[in-house]
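Data first, discussion second: the structure below is written as structure tokens.
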């Protein structure tokens, strides 16, 4: 991609984002995209330049594998957390591990199915018993 002049579609909105700190500098977007792709080992995007805009095309990634790895990683984090804090409340687990309520529910359900944990007592005053 050759050097080009950066021209925002709506300068007023762009200036607001710049002043709020959401835009670092003008005209570095494509450079930063390419740099990030190189850092992550991703194929560089293809660019199509039109008179009024630029189209950027990225290669699709296999997100299913990445998602599965992230879920397994979160499962281990939750299990380790419950070992250390067996009487922890759902709210504290979500806040400390930065996971959503639904993600935590999914993980605890999986851990119960795999017989790693068991809930002893009620939701208010009970605790998690680690079985494995």
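Out of the residues in the stretch 74-89 meeting the condition of being out of contact with any strand residue (DSSP E or B) (no Cβ under 6 Å at 6 or more places or on another chain) and part of a loop (DSSP other than H, G, I, E, B), tell me which one is nearest to residue 105 (Cα to Cα).
So the residue we want is 89.
Looking only at residues that are touching a residue at least 12 places away in the same chain (Cβ under 8 Å) and closer than 17 Å to residue 72 by Cα in the stretch 82-105, which one is surrounded by the fewest Cβ atoms within 10 Å (Cβ to Cβ)?
The selected residue is 83.
Here, each number is a calculation from the coordinates, and none is a lab measurement. Predicted model only: the values in this text are computed from it and were never measured. Backbone-built Cβ (ideal geometry, glycine too); neighbour counts: all protein chains shown.
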